[in-house]
Amino acid sequence: MTDISDLSIYGKNPLALPIEGGCACGQVRYAINAQPVIGLICSCNYCQKLSGTGHGAFLVLPAAAAELQGETNDWTYVADSGGTSTRYFCAQCHAPVYAKLGLHPDGIVVTAASLDDRAQFRPSVALYEADAQGWDRVDPALRSFAAGL
């Protein structure tokens, strides 16, 4: 696995805590009292299908610092990385809110769209660029990886 300590911009430019967000209807809420590990854009096949666009946008944070509220449904699958991914959706409005990855059990991955203040999202890497769609323009300034980290 790639050392991501030099890939994140949040260590140099931290966010106000807690980081809060939730689903579209407000039934699922989270508060995370820790800085993000990294912000990323992912163009893997699953992120494309699950987002309904050409990529997913996520903040990865320490799971131990997360306070989660509300009823969710989940779906677990084997991701392009070969590890499991469990996606959590609001049981009422079905909006995707967060994920947990088998290869990174200490993290929680929140969707950028679920953030109350979406301007907090500042990605520094683009993953699975080998699967990216030509019609989906991701910032070329991001550090790009053909697959995952």
Report the one residue of ALA31, GLY52, ILE41 whose Cα lies farthest in the direction of the positive end of the charge dipole of the chain (charges on C-beta: Lys and Arg +1, Asp and Glu -1; origin at the Cα centre). GLY52
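Rounded if a/c is under 1.5, else prolate if a/b is larger than b/c, else oblate: which is the stretch 1-76, with a ≥ b ≥ c the root eigenvalues of its Cα gyration tensor? Present the calculation step by step, with values, prior to reporting the outcome.
On the way: a/c = 1.98, a/b = 1.08, b/c = 1.83.
In terms of gyration-tensor shape, oblate.
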Report the semi-axes of the equivalent ellipsoid for the stretch 22-133 in whole Å, largest first, where each axis is √(5λ) for an eigenvalue λ of the Cα gyration tensor. 20, 16, 14
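Please compute the net charge surrounding SER43, taking Lys and Arg as +1 and Asp and Glu as -1 over other residues with Cβ under 13 Å from its Cβ. Please report the intermediate quantities before stating the final value.
Working: positive: LYS49, ARG137; negative: ASP80, GLU129, ASP131, ASP136, ASP139.
For residues surrounding SER43, the net value is -3.
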Specify the residue with the greatest mean-square fluctuation among LEU15, LEU59, LEU127, computed from a Gaussian network of the chain linking alpha-carbon atoms under 10 Å apart. LEU15
Return the sequence-ordered ³J(HN,Hα) values of the stretch 121-131 in whole Hz as given by the Karplus equation 6.51 cos²θ - 1.76 cosθ + 1.60 applied to θ = phi - 60°, using x for Gly and Pro. 6, 9, x, 10, 9, 10, 9, 6, 5, 5, 9
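Of all DSSP beta bridges located in the chain, what percent are antiparallel, nearest 5? Walk me through the numbers on the way to the answer.
Numbers: 34 of 39 bridges.
So the antiparallel bridges in the chain amount to around 85 percent.
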With the crude spin-label approximation of a point 7 Å out along Cα→Cβ, what separation in nm comes out for THR76 versus ASP106? 2.2
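Bear in mind these aren't lab numbers, they're just calculated from the coordinates by the rules spelled out. Keep in mind that this is a model prediction, so the values were computed, not measured. Counting neighbours? That spans all protein chains shown, and the Cβs are built from the backbone with ideal geometry, glycine included.
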